[in-house]
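Working notes for the structure below.
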């Protein structure tokens, strides 16, 4: 069973658990504006929140989420969701703004239709799957964590995005002096990912300098770059059309060691990866994977429309 079929089956199983009112809330038209409306901070969303679901419905929602991504990515997501309760404690329980049920499932169109989509979103999680004629896209895909890391006696208790951070530093430190001079584009990191929640990247915002082409890397630096790309592209299950790292560059801004604000991006015509860790004493991390030409399934939808309605 391909990813479109497996996700479609899980989506239909989830929809069957909903009552009429929940279905009307969770199922929206395949609408361009709403599909591109996304946020990675606590806010009201369209769809149905996990907090409004009973146990069988919640399990069906999680099975749909698990069908969208490999196990390591799914484990990251549920860990990030649990961190909302930790963050609530760290902030002194100021109200009910932060809770692990504040994550929302939204369908666009009917699951399994020629064109349909699903969004799963809440604080530090924003996942968008678009399906068209058997093809599947899964960008934008945002994951963050606050706190990014919790230690106990110097040993990590939880750090859901540690590989993304650690491999980024390993790549930076594996560069030669000249390569590092090309890759480091600013002494201070931006306060957040530069692309924020833009609905389209045409073109993506820049850092002023592109950075270092990945194609020039050799030996340990090339191996680090490959490992870093594998972590991000490993968020996508087999069968999903993945972003393409060809002609990509690596750019770094900010501190060269953990504990101080830092940022990096890997950018090419068909790939945009960003990591920013500057807030809360550099213990609050944001990451995103995007495809400037195919976010929200733009490329497969465009091809479908051209085939269905060829120019006269």
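The values are calculated or read from the model by the stated rules, or taken from the named source; none is laboratory data. What you see is a predicted model, and the numbers here were worked out from it, not measured in a lab. In this analysis, Cβ positions are derived from the backbone assuming ideal geometry, glycine residues included, and neighbour counts consider all displayed protein chains.
For segment 197-215, enumerate the residues that are at negative phi and exposed (fewer than 15 other Cβ atoms within 10 Å of the Cβ).
199, 200, 202, 203, 205, 206, 209, 215
Is there a residue being part of a helix (DSSP H, G or I), closer than 29 Å to residue 159 by Cα and in contact with a strand residue (DSSP E or B) (Cβ under 9 Å, 6 or more places away or on another chain) anywhere in segment 29-49?
The answer is no; no qualifying residue exists.
Taking segment 89-103, which residues are surrounded by 15 or more Cβ atoms within 10 Å (Cβ to Cβ) and under 16 Å from residue 144 (Cβ atoms)?
Once the filter is applied, which keeps residues that are surrounded by 15 or more Cβ atoms within 10 Å (Cβ to Cβ) and under 16 Å from residue 144 (Cβ atoms), segment 89-103 yields 98, 100, 102, 103.
Quick grid of which residues meet (1) farther than 23 Å from residue 251 by Cα; (2) modelled with pLDDT under 95; (3) touching a strand residue (DSSP E or B) at 6+ places or on another chain (Cβ under 9 Å):
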site: 123; (1), (2), (3): yes, no, yes
site: 139; (1), (2), (3): no, no, yes
site: 143; (1), (2), (3): no, no, yes
site: 167; (1), (2), (3): no, no, no
site: 183; (1), (2), (3): no, no, yes
site: 187; (1), (2), (3): no, no, yes
site: 203; (1), (2), (3): no, yes, no
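Name the pairs whose Cβ atoms lie under 7 Å apart, with the first residue in segment 172-186 and farther than 12 Å from residue 222 by Cα, the second at pLDDT below 95, and 6 or more positions between them or separate chains?
185/207; 185/208; 185/209; 186/207
How many of the residues in segment 170-189 are crowded, with 18+ Cβ neighbours inside 10 Å and within 27 Å of residue 125 (Cα to Cα)?
Number of matching residues: 3.
Please specify each residue of segment 67-81 satisfying the condition of being surrounded by fewer than 17 Cβ atoms within 10 Å (Cβ to Cβ) and in contact (Cβ under 8 Å) with a residue 40 or more places away in the chain.
70, 72, 75, 79, listed by residue number.
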